[in-house]
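**Student:** Please read through the structure below; I'll follow up with questions.
The values are calculated or read from the model by the stated rules, or taken from the named source; none is laboratory data. No experiment lies behind these values; they were computed from the predicted model shown. Heads up, the Cβs are rebuilt from the backbone with ideal geometry, glycines too, and the neighbour counts pull from every protein chain shown. Just the protein is used for accessible areas: all its heavy atoms, side chains included, with ligands, DNA and RNA removed. Shrake-Rupley method; radii C 1.70, N 1.55, O 1.52, S 1.80 Å.
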Amino acid sequence: MDNLEKQLICPICLEMFTKPVVILPCQHNLCRKCANDVFQASNPYLPTRSGSLTSGGRFRCPSCRHEVVLDRHGVYGLQRNLLVENIIDMFKQESGSGKPAPAKSEETPMCDVHEDEKINIFCVTHGVPTCSMCKVFGAHKDCEVAPITSIYQTKKTELGDGIAMMVGHNDRMQGIISQLEEACRAIEENGRRQKTLVCEKFDHLYSLLEEKKREMSQKVTAEQEEKVNYIRGLTRKYGDHLDESCKVVEMGIQTMEESEMALFLQNTKPLLKKIADAATTAHLDKVERGYESMEHYAVEFKKEREALRSLDFAQDDEDEDDEEDEDAEAGAKEGEGAPAVSATSVQIGSSPSVAKSAAST
């Protein structure tokens, strides 16, 4: 019976499934309320009506991380698992008809100062559990105290909300990592495409262009490698942050399983701080729009043979005006009666410095 009961525990609330029980496409089960909580945490900006979601969205199964895509009915469009509900009914009937199970002897923590006194109250002033003697005669006699049971329920609810928030936060982190990986692939593809275009143009020129071709191709490669290395480094940072977040979630789930209230409260305060620290991505950079583009290395050769020695990437307007003046003077010296050579400019795309967004959210 104990093994059966473990199979009927919801991975979110860590209690026995409550009706209705919904079955996910990955065949894992959740209480509908817990599924709705996870869904709302993963989709905080979707409109709601009467407290329930009414539009489609997605979230990840807390057991296997499989992505669950919902239709316009939201969580209420998931199929109920009637088999599990029937098993729960039979289990409760068997448990009620059998002999009452002997109460488990749980060790209650004792006060460090008054060794014969159990920890049975909570000091609100210092945020620690303590005993009645400490309140009457000890270090907490002037402090505000509260029943340990009420504080236990409050902190357990707060930790449960924090875990649900972290599940949604981790889903968003996974989405950011996927976008970064896609940006990395786009940079590599764009870099390869732009280098191919550059090479196609240079292949029609004489050996004088070979050195220029190599120089310009190296510039494209250098920016490509710099951007790819930056994106990969940023991906590793987000991956490390996601790993830490997952560890915090695991610690939270383990703490939720702690049945002893005093031990639970002793572990809750540092754990909630870890959750707050893990929930922020302010220290992680964001990639600005169009960062993966490499199209500023487009090439277009239109200058005459005499101008090939001055080929380079596009310069500032003042530099271009100086070059046009020099080309006009050179054309005038070629002699009268000869066909005029058009001094069309060579445009090889602008080469702006690599833009990295250091802004934080």
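**Student:** Just give me the residues in segment 140-163 being among the aliphatic types (A, V, I, L, M) and touching a Cys at 6+ places or on another chain (Cβ under 9 Å), in sequence order.
**Tutor:** If the condition is that a residue be among the aliphatic types (A, V, I, L, M) and touching a Cys at 6+ places or on another chain (Cβ under 9 Å), then 145, 146 are the ones that fit.
**Student:** Give the residues of segment 24-42 that are within 12 Å of residue 75 (Cα to Cα) and open to solvent by less than 40 Å² (accessible area, probe 1.4 Å), sorted by residue number.
**Tutor:** If the condition is that a residue be within 12 Å of residue 75 (Cα to Cα) and open to solvent by less than 40 Å² (accessible area, probe 1.4 Å), then 24, 30, 31, 34, 35, 36, 38, 39 are the ones that fit.
**Student:** Filtering segment 228-275 down to residues that are free of Cβ contacts under 8 Å to residues at least 12 places away in the same chain and either charged (D, E, K, R) or within 16 Å of residue 168 (Cα to Cα) (or both), which residue is least open to solvent (accessible area, probe 1.4 Å)?
**Tutor:** For segment 228-275, the residue satisfying everything is 258.
**Student:** Could you tell me which numbered condition residue 93 fails, if it satisfies all but one of (1) in a loop (DSSP other than H, G, I, E, B); (2) at pLDDT 75 or above; (3) open to solvent by 80 Å² or more (accessible area, probe 1.4 Å)?
**Tutor:** Tallying (1) in a loop (DSSP other than H, G, I, E, B); (2) at pLDDT 75 or above; (3) open to solvent by 80 Å² or more (accessible area, probe 1.4 Å), residue 93 fails exactly one: (1).
**Student:** For residue 201, are the conditions met, namely being assigned to a helix (DSSP H, G or I) and farther than 30 Å from residue 13 by Cα?
**Tutor:** Yes; evaluated as a whole, the condition is true for this residue.
**Student:** Taking the conditions exactly as written (open to solvent by less than 100 Å² (accessible area, probe 1.4 Å), at pLDDT 80 or above and not in a helix (DSSP H, G or I)), does residue 140 satisfy them or not?
**Tutor:** Yes; evaluated as a whole, the condition is true for this residue.
**Student:** Which one is farthest from residue 16 (Cα to Cα), of the residues in segment 96-115 that are modelled with pLDDT under 80 and open to solvent by less than 60 Å² (accessible area, probe 1.4 Å)?
**Tutor:** 114
**Student:** To continue, here is another question. Filtering segment 160-185 down to residues that are acidic (Asp, Glu) and in contact (Cβ under 8 Å) with a residue 40 or more places away in the chain, which residue is most open to solvent (accessible area, probe 1.4 Å)?
**Tutor:** In this case the residue turns out to be 181.
**Student:** Can I ask one more? Please tell me if residue 170 is under 30 Å from the mean Cα position of the chain (by Cα) and farther than 30 Å from residue 127 by Cα.
**Tutor:** Details: under 30 Å from the mean Cα position of the chain (by Cα): yes; farther than 30 Å from residue 127 by Cα: no.
Judged against the criteria, residue 170 is not a match.
**Student:** Looking at this structure, is residue 211 open to solvent by 70 Å² or more (accessible area, probe 1.4 Å), on the phi < 0 side of the Ramachandran plot and at pLDDT 90 or above?
**Tutor:** no
**Student:** Any residue at all in segment 242-251 that's over 30 Å from residue 163 (Cβ atoms) and polar (S, T, N, Q)? Give the derivation first.
**Tutor:** In the first step, residues of segment 242-251 are kept if they are over 30 Å from residue 163 (Cβ atoms); the result is none.
Among the residues of segment 242-251, not one is over 30 Å from residue 163 (Cβ atoms) and polar (S, T, N, Q), which makes the answer no.
**Student:** Next question. Kindly provide the set of residues from segment 143-166 that are aliphatic (A, V, I, L, M), in a strand (DSSP E or B) and closer than 22 Å to residue 255 by Cα, ordered by number.
**Tutor:** 146, the sole residue that qualifies.
**Student:** Against the conditions (1) within 25 Å of residue 258 (Cβ to Cβ); (2) touching a strand residue (DSSP E or B) at 6+ places or on another chain (Cβ under 9 Å); (3) free of Cβ contacts under 8 Å to residues at least 60 places away in the same chain, where does residue 157 fall short? Just the number, please.
**Tutor:** (2)
**Student:** Take segment 252-304 and flag every residue that is within 20 Å of residue 162 (Cα to Cα), part of a loop (DSSP other than H, G, I, E, B) and β-branched (Val, Ile, Thr).
**Tutor:** Listed by number, the residues that qualify are 280, 281.
**Student:** Looking at segment 192-208, is at least one residue under 32 Å from the mean Cα position of the chain (by Cα) and open to solvent by 60 Å² or more (accessible area, probe 1.4 Å)? Outline the logic, then answer.
**Tutor:** First pass over segment 192-208, keeping only residues under 32 Å from the mean Cα position of the chain (by Cα): 192-194.
Add one more test, that the residue is open to solvent by 60 Å² or more (accessible area, probe 1.4 Å), and what stays is 192-193.
Within segment 192-208 (the criterion being under 32 Å from the mean Cα position of the chain (by Cα) and open to solvent by 60 Å² or more (accessible area, probe 1.4 Å)), the answer is yes, since at least one residue qualifies.
**Student:** I'd like to check something: does segment 243-259 contain any residue that is in contact with a helix residue (DSSP H, G or I) (Cβ under 8 Å, 6 or more places away or on another chain), β-branched (Val, Ile, Thr) and closer than 30 Å to residue 196 by Cβ?
**Tutor:** no
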